[in-house]
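**Student:** Have a look at this one before I ask anything.
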Amino acid sequence: MATLPGWLLLASICAAALAQNPEWGPAPPSHPKEPSSGAGPLPPPTARRPESPTEAAVAAGLRRALDWLDRAQRRGRPEEGWGWGWAAGAPGRGDATPLAVLALRLSNDSWLSPRGLRSQLASQQIDVDVLVHLHWKHHEEPISPGRLSYYTLALHAICRDPRYFHGHDLVGSLLHHESPSDEEFAIASLATCASGAHVRKRQIRRLLDVADKVGGVTEGTAAAEDASGDVETLATVLLALDCIVREHRNRNLEHYVKRPARSLARLQTPDGSFGSRMRATALALQALISTWEEEPSWNHMASSENQPGGGTSWNRSAALVSLLSHQGSDGSFGGGDVVATAEAVLALAGRGGLGAVRNVSCPTPPRPPSPLLPASGALTPPPQQTASGQQHSSLAPARHGASSHSAARTQSDEGMEATGSKTEGPAATPKVPKNGTAGEDAVVTYTLWVGPNISESLSLTLKAQRNSSFYGVMTEAARRDERFQFASSTWPNGHYVHTIHNLREQPAAHSYWLLYRLATLPDPMDPPSHRQLSPIGVDDLLVNDGDHFLFWYKKL
């Protein structure tokens, strides 16, 4: 099909937008009545007119695409669930649901709400899909780093901590399993950075090498040949680098994104696109909207550049018009493809695409006092001696960390009392009293191990209400013994414990606190295996009589 001139294509898109939205057209002549005596001025118009025809067309296209994504969501049939199904495509895009969730969440702040039933069901579908990949498909190929990256981004967007997902650290898996594909590696780096984990220098070097390689090969070739694949890789790398630079909050690292952004800008073709594939234009828009700064230091390039005044820039309006030319009459992109439509929505929303996931706002309702970090950031004060000689530590309200999210349900700490003594040393193990009376009490042990060789071991024996939360056991242990003080972040699925005994997890060093639920006292001479890790968090782990809980600080 012949390509329409840019001005004619823009005119046709704007005409379609005006046809569907008459309020954007010229206002009809009006003859208001003369105001009566004492009447005030006429009220101002309530709707703001778009600043340009392109903005009107983009707003209309975005709304139609979002409506189509909403209609494309499954309706809970047993064989389909509440996601968006399966879609083949570029590396890591086999599942359409995480891309659809990201598009809806990052383009509409109110999509994820407690009263939004379909958004909540879609969020639950994300959980189900990831668990299926992790547990029930062991006989098939493991989930690829690219696909896991999109699920990690989606979990972060819906205010779930991917580092503590039903006993799995998805971010740790991404750090340990690098993909040979440059694009998959870039999206994994973006997911790692957006989740607040440390991106290693070696990974940054690889991203910069890919940016230099792709940018150097494709420089000046966009008009002569199709460079869609290189554009998609370079745009994804740019999104990852932009997240890393912004998380470091260091302007000295600006050159990490400036050079790749210039290389990507040079790949725009005269018709506004970034290659023959629609996806290339969508990803380029996401990356450049997120990174490009309209200042001389960004636009100034060598005089040999084929741009007015010898500068390198890009035409955002032309790119948006080119992208909208791929939209179907039903509002979808790619002929009804969920992934293509989601990527187009991320570009049309103008918020920086996938890179905006690090800026999602999650609710943080008030939390009750708990023995976490006080406002000063230090752990609770040293214990005070009571009349009976027991050690107690004072309590302080919890401090919200920078990455804290909505508080999960809290468990009652009533009925907790310590019944055992504190011991140290690798071989120290407490004795467990007999069961409580009337079946109301449960006697449990709570042990801390430090280091792979168990250089330090601390144990308490506690009495708790049956079926109460293990989080309550931790609370009572922290009250009874300052060495069991802990700190945590809160997410919608519960507390994520990251610091115990003044030792904070260190993702860069792969050191974490691992929780085990055992049938017998933990024995340093016969430590538990990874198969005995608790599959659920401290809030959902319920106490039974004779349980033995172990938090072990070691490297994965």
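The values are calculated or read from the model by the stated rules, or taken from the named source; none is laboratory data. Because the structure is predicted, anything quoted here is derived from the model rather than measured. Don't worry about glycine lacking a Cβ; one is built from the backbone with ideal geometry, like all the others, and counts go over all protein chains shown.
**Student:** Of the residues that make up segment 479-494, is at least one in contact with a Phe, Trp or Tyr (Cβ under 7 Å, 6 or more places away or on another chain) and modelled with pLDDT of 90 or more?
**Tutor:** Initial filter on segment 479-494 (in contact with a Phe, Trp or Tyr (Cβ under 7 Å, 6 or more places away or on another chain)): 488-489.
From the residues that got through so far, the ones that are modelled with pLDDT of 90 or more too are none.
No, segment 479-494 contains no residue that is in contact with a Phe, Trp or Tyr (Cβ under 7 Å, 6 or more places away or on another chain) and modelled with pLDDT of 90 or more.
**Student:** Let me ask something else about it. When segment 514-527 is examined, which residues are found to be crowded, with 19+ Cβ neighbours inside 10 Å and either aromatic (Phe, Trp, Tyr) or free of Cβ contacts under 8 Å to residues at least 24 places away in the same chain (or both)?
**Tutor:** Scanning segment 514-527 gives a single hit, TYR516.
**Student:** Of the residues in segment 100-132, how many are over 27 Å from ARG64 (Cα atoms), surrounded by fewer than 19 Cβ atoms within 10 Å (Cβ to Cβ) and not hydrophobic (A, V, I, L, M, F, W, C)?
**Tutor:** Let us first name the residues in segment 100-132 that are over 27 Å from ARG64 (Cα atoms), namely 127-132.
Cutting the leftovers down to surrounded by fewer than 19 Cβ atoms within 10 Å (Cβ to Cβ) gives us 127-128, 131-132.
After this cut, where a residue has to be not hydrophobic (A, V, I, L, M, F, W, C) as well, the list is 127.
Counting residues in segment 100-132 that are over 27 Å from ARG64 (Cα atoms), surrounded by fewer than 19 Cβ atoms within 10 Å (Cβ to Cβ) and not hydrophobic (A, V, I, L, M, F, W, C) gives 1.
**Student:** While we're looking at this one, here's another question. For segment 175-196, check the following and say yes or no: at least one residue is assigned to a loop (DSSP other than H, G, I, E, B), modelled with pLDDT under 85, in the same structural domain as GLY83 (by TED's automatic domain parsing) and over 19 Å from ASP129 (Cβ atoms).
**Tutor:** The answer is yes; a qualifying residue exists.
**Student:** Can you tell me how many residues in segment 499-511 are in a strand (DSSP E or B) and surrounded by fewer than 20 Cβ atoms within 10 Å (Cβ to Cβ)? Explain how you work it out, then say what you get.
**Tutor:** Filtering segment 499-511 for residues in a strand (DSSP E or B) gives 499-500, 503-504, 506, 511.
With the extra rule that they be surrounded by fewer than 20 Cβ atoms within 10 Å (Cβ to Cβ), the set shrinks to 499, 503-504, 506, 511.
Residues in segment 499-511 being in a strand (DSSP E or B) and surrounded by fewer than 20 Cβ atoms within 10 Å (Cβ to Cβ): 5 in total.
**Student:** In segment 79-91, is there at least one residue being out of contact with any strand residue (DSSP E or B) (no Cβ under 6 Å at 6 or more places or on another chain), at pLDDT 75 or above and among the acidic types (Asp, Glu)?
**Tutor:** Looking for residues that are out of contact with any strand residue (DSSP E or B) (no Cβ under 6 Å at 6 or more places or on another chain), at pLDDT 75 or above and among the acidic types (Asp, Glu), one finds none in segment 79-91, hence no.
**Student:** Just one of (1) more than 22 Å from the chain's Cα centre (by Cα); (2) touching a residue at least 24 places away in the same chain (Cβ under 8 Å) trips up ALA487, so point out which.
**Tutor:** (1)
**Student:** Here's another thing I want to ask about it. I need the full set of residues from segment 537-556 which are touching a Lys or Arg at 6+ places or on another chain (Cβ under 9 Å) and either more than 25 Å from PRO162 (Cα to Cα) or β-branched (Val, Ile, Thr) (or both), in order please. Explain how you work it out, then say what you get.
**Tutor:** Within segment 537-556, the first condition is being touching a Lys or Arg at 6+ places or on another chain (Cβ under 9 Å), and the residues that meet it are 539, 541-545, 547-550.
Correct list: VAL543, ASN544, ASP545, ASP547, HIS548.
**Student:** Of all residues being part of a helix (DSSP H, G or I) and of a type in the set (S, T, N, Q) in segment 254-291, which is farthest from GLY350 (Cα to Cα)? Just the residue, please. Spell out the reasoning first.
**Tutor:** If we filter segment 254-291 for residues that are part of a helix (DSSP H, G or I), which is where we start, we get 255-265, 278-291.
Adding the requirement that they be of a type in the set (S, T, N, Q) leaves 263, 281, 286, 290-291.
On the way: SER263: 20, THR281: 13, GLN286: 7, SER290: 8, THR291: 12 Å.
Checking each candidate, the answer is SER263.
**Student:** Mind listing just one residue for me: the one in segment 150-174 that is β-branched (Val, Ile, Thr) and not in a loop (DSSP other than H, G, I, E, B) and, of those, modelled with the highest pLDDT? Before the answer, list the steps.
**Tutor:** Filtering segment 150-174 down to residues β-branched (Val, Ile, Thr) leaves 152, 158, 171.
Pick out the ones that are also not in a loop (DSSP other than H, G, I, E, B) and you get 152, 171.
Working: THR152: 94, VAL171: 89.
Selected residue: THR152.
**Student:** Being touching a Lys or Arg at 6+ places or on another chain (Cβ under 9 Å), in the same structural domain as ALA154 (by TED's automatic domain parsing) and at pLDDT below 80: is that true of GLY220 here? Reasoning before the result, please.
**Tutor:** Numbers: touching a Lys or Arg at 6+ places or on another chain (Cβ under 9 Å): yes; in the same structural domain as ALA154 (by TED's automatic domain parsing): yes; at pLDDT below 80: yes.
Against the criterion (touching a Lys or Arg at 6+ places or on another chain (Cβ under 9 Å), in the same structural domain as ALA154 (by TED's automatic domain parsing) and at pLDDT below 80), GLY220 qualifies.
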